[in-house]
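Below: one structure, written as structure tokens.
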Amino acid sequence: MRVVAIGECMVELRDDGQDRYARGFAGDAYNVAVYLKRTAPAAEVEFLTATGDGRLSQEMRAAWAAEGISDAMAYVAPGYEPGLYMIELDARGERGFHYWRSASAARRWLSLLEADGGAERLAGADIVYLSGISLAILSEPDRIRALGLLRALKRRVGVIAFDLNVRPQLWAGLNEARAAMAPVLAIADVVRASRDDVERLFGVTGSAAQVQALRAAGAAEIALTLDADGCLVLAGGEVTALEPPREVTVVDTTGAGDCFNGVYLARRALGDGAIAAAQAALAVAARKVGWSGAIAPVEVTHPKERAP
């Protein structure tokens with residue numbers, strides 16, 4: 001199985017509980033790649049992005065390698081640096097973010113891919129994953145070309161998976177976000193969104209209505225995650241509500257949706273039906289939220305993979 005995740009990895013600063021910040025590396029597409037690889041260890045998982053050539057970028061790539069993520073499609077933009085974000089948590093473990101990413105090397109992922117063969121480099125992949133953030137960090141002309149890339153890939157890859165991941169601060173306005181994401185929703189084979197994403201993008205509340213809004217936009221297989229209320233899955237024309245795991249301890253919700261994505265996509269590719277895949281994804285995401293930061297240790301999220 002070959003998987004290509006497209007997007008940005010950033011330097012993450014998270015509160016260690018002692019008035020200090022611990023450093024890590026994370027970003028929605030990278031997080032998905034990690035959790036997918038942990039769920040399907042035999043998969044070849046590549047990260048399509050761009051980094052700089054300095055020490056921080058080298059350390060970031062070393063962190064990818066430690067997770068088994070290939071940087072064969074991670075381009076180098078000399079003189080650039082990774083973006084940075086800081087997690088701010090409320091009393092319930094819900095996260096807010098502060099970003100420093102305007103000059104991030106990852107913003108060049110499309111132009112560097114185009115200079116290296118474009119769609120040919122992704123053709124034949126079993127899964128191509130991207131998110132609203134993967135698009136938002138691009139310039140408007142680049143987003144138009146990215147849509148052309150996805151259209152060219154539609155019949156040349158197994159599955160195109162898309163996560164709305166609406167971050168209003170990355171867009172000039174929600175109308176710009178809608179215009180960029182609507183064509184991708186019509187192309188994607190699998191869509192995940194949070195209820196907050198759908199409310200922001202479509203102005204629709206109520207989980208059943210939100211699934212229908214995504215369906216009307218063209219999505220055929222949908223996982224709508226509902227925070228502590230589980231998720232709704234649309235597959236084969238049927239909508240199924242799934243309860244969350246019991247007795248979940250929430251420390252930090254950062255990366256929970258990405259964790260769900262990675263597990264869900266891996267389980268689907270390994271042969272699970274949509275319902276079984278979503279149940280597995282909910283269980284792993286429930287373990288992830290008990291840990292601070294986007295990437296929890298493998299012993300936390302996938303303990304069986306490290307069992308003797």
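We did not get these values from a lab; they are worked out from the coordinates using the rules stated. Treat the numbers as computed from the prediction; the structure is a model and nothing was measured. A quick note on method: Cβ atoms are made from the backbone with ideal geometry, for glycine too, and the neighbour counts reach across all protein chains shown.
Report the extension gain between Ile275 and Arg155 in nm, rounded to one decimal, defined as 0.36 nm multiplied by the number of residues separating them, less their alpha carbon distance. Walk me through the numbers before you get to the answer.
Values: separation 120, 0.36 × 120 = 43.20 nm, distance 2.55 nm.
Length gained between Ile275 and Arg155: 40.6 nm.
From largest to smallest, what semi-axes in whole angstrom does the chain give when each is the square root of 5 times an eigenvalue of its alpha carbon gyration tensor? Mind dumping the intermediate values first?
Values: eigenvalues 126, 114, 79 Å².
The three semi-axes for the chain are 25, 24, 20 Å.
Using +1 at the C-beta of Lys and Arg and -1 at the C-beta of Asp and Glu, which of Leu232, Ala220, Ala256 has the Cα lying farthest in the positive direction of the dipole of segment 2-301?
With unit charges placed on the Cβ atoms, the residue in question is Ala220.
Once you've got the GNM for the chain with C-alpha springs shorter than 10 Å, pick whichever of Gly293, Gly271, Gly257 has the biggest mean-square fluctuation.
With Cα springs under 10 Å in the chain, the top fluctuation among Gly293, Gly271, Gly257 is at Gly271.
Between Asp229 and Ile187, 0.36 nm times their residue separation minus their Cα-Cα distance comes to what? Present the calculation step by step, with values, prior to reporting the outcome.
Working: separation 42, 0.36 × 42 = 15.12 nm, distance 2.83 nm.
Full extension of this stretch gives 12.3 nm more.
Between Asp116 and Gln212, what's the calculated FRET efficiency when r is the beta-carbon distance and R0 is 45 Å? Round to 0.05.
Values: r = 40 Å, r/R0 = 0.89.
My answer for the efficiency is 0.65.
When Tyr85, Tyr264 are ordered from fewest to most other Cβ atoms inside 10 Å of their Cβ, what list results? Display every interim value, and only then the final one.
Values: Tyr85 20, Tyr264 33.
Ranking Tyr85, Tyr264 by Cβ neighbours within 10 Å, fewest first, gives Tyr85, Tyr264.
Place a +1 charge on the Cβ of each Lys and Arg in the chain and a -1 charge on the Cβ of each Asp and Glu, then give the dipole magnitude about the Cα centre in debye, rounded to the nearest 20. Mind showing how you got there, number by number?
Working: 33 positive and 39 negative charges, 111 e Å.
Around 540 debye, computed over the chain.
On a straight-distance basis, which lysines could pair with Lys304 in a cross-link, Cα separation under 25 angstrom, same-chain partners fewer than 8 positions away excluded?
Straight-distance partners of Lys304: Lys37, Lys288.
Among the complete DSSP H segments of the chain, which ones combine at least 18 Å of alpha-carbon extent along their axis with a mean Kyte-Doolittle hydropathy of -1.0 or more?
Working: long enough: 140-153 (20 Å, 0.06); 174-187 (20 Å, 1.01); 256-269 (20 Å, 0.04); 274-288 (21 Å, 1.12).
Qualifying helices, which must be both long enough and hydrophobic enough, are 140-153, 174-187, 256-269, 274-288.
Under a 10 Å cutoff between Cα atoms, tell me which one of Arg38, Arg121, Arg287 has the largest fluctuation in the Gaussian network model of the chain.
Maximum among the listed residues: Arg121.
How big is the antiparallel share of DSSP beta bridges in segment 2-301, given as a percent to the nearest 5? Numbers along the way, then the final one.
Values: 21 of 50 bridges.
So the antiparallel bridges in segment 2-301 amount to around 40 percent.
Using the count of nearby Cβ atoms within 10 Å as a rough guide to exposure, how do Tyr30, Tyr99, Tyr35 rank from fewest to most?
On the way: Tyr30 28, Tyr99 14, Tyr35 31.
Least to most surrounded, the residues fall as Tyr99, Tyr30, Tyr35.
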